[in-house]
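Below: the structure, in structure tokens.
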Amino acid sequence: MTGKRLISLLAYVTTAATGASLLTGCGVLPGATGGSREPVTVMTWAPDRTRATNMPGMPAMAQTYARWVNARGGIDGHELRVLTCNEQNSPSGAAACARRAVREKAVAVVGSYSQNGRAFMAPLEAAGIPYIGGYGIAEDEFTSPLSYPVNGGVASLIAGHGMQLAGSCDRVSLVRPDTTAGDKLPELLNSGLRRASHRSAVDIPAQEDAAEYTRQAGRARTRAGDEKGCVTAVLGERTQTFFDSFRRLPEQEGEPGAVRISSVLGSVDQPVIDRTGGPHSPFEGAFVTGWYPEAGDRSWAPMRKVIQEYAFADNRVDPADAGVQTTWIAYTVLKDVVEGLDADTVTAGQISHALDRGERIDTGGLTPGLRWKYEDMLGAPGFTRIVNREVTFQVVRRGRLVAQKPGFVDVGETVLSAR
């Protein structure tokens, strides 16, 4: 064989070997421990740039989580691919996001926000796609067999809020959305108030996306009374607008500021307090019921570290935001389940089967241990799949949300007693 032919043959063999190496190495992540594993594709959706409640931090947190976990070799060697979708606060937007999740073969929808449960749950159920760690705002999240909520939803917040207010307020006015979901809130709040033999709250429905609430604010203050009265508003992103109208009301006779204000996490949180003046915010002294420990609790340290290193100054990812926190917990569940499967390919059916089988998931103190076996579920009408029935009582002091009472408060019996 001539030297020229030998060089050509060696070049061919080298090229073929390199190509084979690239093909067999396809899909292997930096830091992965062995052979190739298929990527895991999931979706996170939330409304953004709408007139009502927006949750842009949830998809942003999902993308941050993916950057972090993929830099460490993925989840058990699987690259995590996160699809995001703007749910638009509409049934058509929610349905479109769900159909896209089906079309792009997502194995789960994780850490998402939507009030339009009927619109998104049907397509997911038809495709067998689990819904892990929704925000807890839609009733279908607590009735669908393919939903795995990580908190007790608005039901536990409102019932717990009634318990929180019962010891401090003689009369309570509740300002809430004039919607089907909002219609359930008075009975839940009253179930908490009744725990202290308290009179029922005054129910004041209001438009969810109004530009001002002067009329409702005036009525709420009048009905709460001057002494030990409390006004609570649960209007999502418009809660700040309501309390701005409340603050502008003319002073009544008697002690200024005698009526105390309150709300729940998601309607009032640390970012809202910061934006409205911190220690000088109208929310100073307000009672707030939450699902999780206050934002400064050391249990959030791992999430804070990931945000600091992988959010790349994306100001949508605020560690004190309840949506961001819920998304972190939901992806913690996903990671635990995928690691437990130890499979080269992960399917939606495998994930839902693993969750149904009942492995208890540790969230590092952010929630009680989570498990979705039948005996773990609360079984309350309309909220059958609540497994985390605990809330936290917080208060705004010197511009910071801090614990009013240490630890968690079990509101399971209170939710069950709502009627």
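The values are calculated or read from the model by the stated rules, or taken from the named source; none is laboratory data. Just so we're clear, the structure is a prediction, and the values are computed from it rather than from any experiment. FYI the Cβ positions are ideal-geometry reconstructions off the backbone, even for glycines, and counts take in every protein chain you see. Please note that ligands, DNA and RNA were not included when accessible areas were found on the heavy atoms of the full protein model with its side chains. Shrake-Rupley method; radii C 1.70, N 1.55, O 1.52, S 1.80 Å.
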### Task
Return yes or no: is Glu139 under 28 Å from Arg371 (Cα atoms), modelled with pLDDT under 95 and acidic (Asp, Glu)?
yes
### Message
Filter the stretch 105-142 down to the residues that are of a type in the set (A, V, I, L, M, F, W, C) and open to solvent by less than 10 Å² (accessible area, probe 1.4 Å) and list them by number.
### Response
Ala106, Ala108, Val109, Val110, Phe120, Met121, Leu124, Ile129, Ile132, Ala138, Phe142
### Message
Take Asp209 and tell me if it is of a type in the set (D, E, K, R) and without any contact (Cβ under 8 Å) to a residue 40 or more places away in the chain.
### Response
no
### Query
Are any residues in the stretch 183-206 within 26 Å of the chain's Cα centre (by Cα) and touching a residue at least 40 places away in the same chain (Cβ under 8 Å), and if so, which ones?
Lys184, Leu185, Glu187, Leu188, Leu189, Asn190, Ser191, Gly192
### Query
Where residues in the stretch 348-366 are open to solvent by 60 Å² or more (accessible area, probe 1.4 Å) and assigned to a loop (DSSP other than H, G, I, E, B), which of them is nearest to Glu38 (Cα to Cα)?
Glu359
### Query
If you take the residues of the stretch 381-419 that are polar (S, T, N, Q) and over 27 Å from Val272 (Cβ atoms), which of them is modelled with the highest pLDDT?
Thr384
### Message
As an exercise: evaluate Thr179 against (1) of a type in the set (Val, Ile, Thr); (2) under 30 Å from Asp318 (Cα atoms); (3) out of contact with any His (no Cβ under 9 Å at 6 or more places or on another chain); (4) buried (at least 20 other Cβ atoms within 10 Å of the Cβ) and give the number of the one condition it does not meet.
### Response
(4)
### Query
Mind checking which residues of the stretch 391-419 are open to solvent by 50 Å² or more (accessible area, probe 1.4 Å) and in a strand (DSSP E or B)?
Arg397, Arg400, Asp410
### Message
So, restricting to helices (runs of 4 or more DSSP H) that lie completely within the stretch 112-219, which ones have at least 2 residues that are under 18 Å from Ala233 (Cα atoms)?
### Response
153-166, 185-193
#### Entry: Subset of the stretch 116-167 [within 18 Å of the chain's Cα centre (by Cα), of a type in the set (S, T, N, Q) and farther than 21 Å from Asn54 by Cβ]
Thr143, Ser144, Ser147, Ser156
### Message
Being modelled with pLDDT under 95, crowded, with 23+ Cβ neighbours inside 10 Å and of a type in the set (A, V, I, L, M): is that true of Ala322 here?
### Response
yes
### Residue among Gly35, Gly19 that alone is open to solvent by less than 40 Å² (accessible area, probe 1.4 Å), at pLDDT below 95, out of contact with any Gly (no Cβ under 6 Å at 6 or more places or on another chain) and more than 27 Å from Ala311 (Cβ to Cβ)
Gly19
### Search result, residues across the stretch 65-85 that are among the hydrophobic types (A, V, I, L, M, F, W, C), touching a Ser or Thr at 6+ places or on another chain (Cβ under 9 Å) and either within 18 Å of Asp314 (Cα to Cα) or open to solvent by 30 Å² or more (accessible area, probe 1.4 Å) (or both)
Val82, Leu83, Cys85
### Summary
Reported set for the stretch 192-221 where residues are at pLDDT 95 or above and polar (S, T, N, Q) is Thr214, Gln216
### Query
Do you know which of the residues in the stretch 86-104 that are over 17 Å from the mean Cα position of the chain (by Cα) and of a type in the set (S, T, N, Q) is most open to solvent (accessible area, probe 1.4 Å)?
Ser92
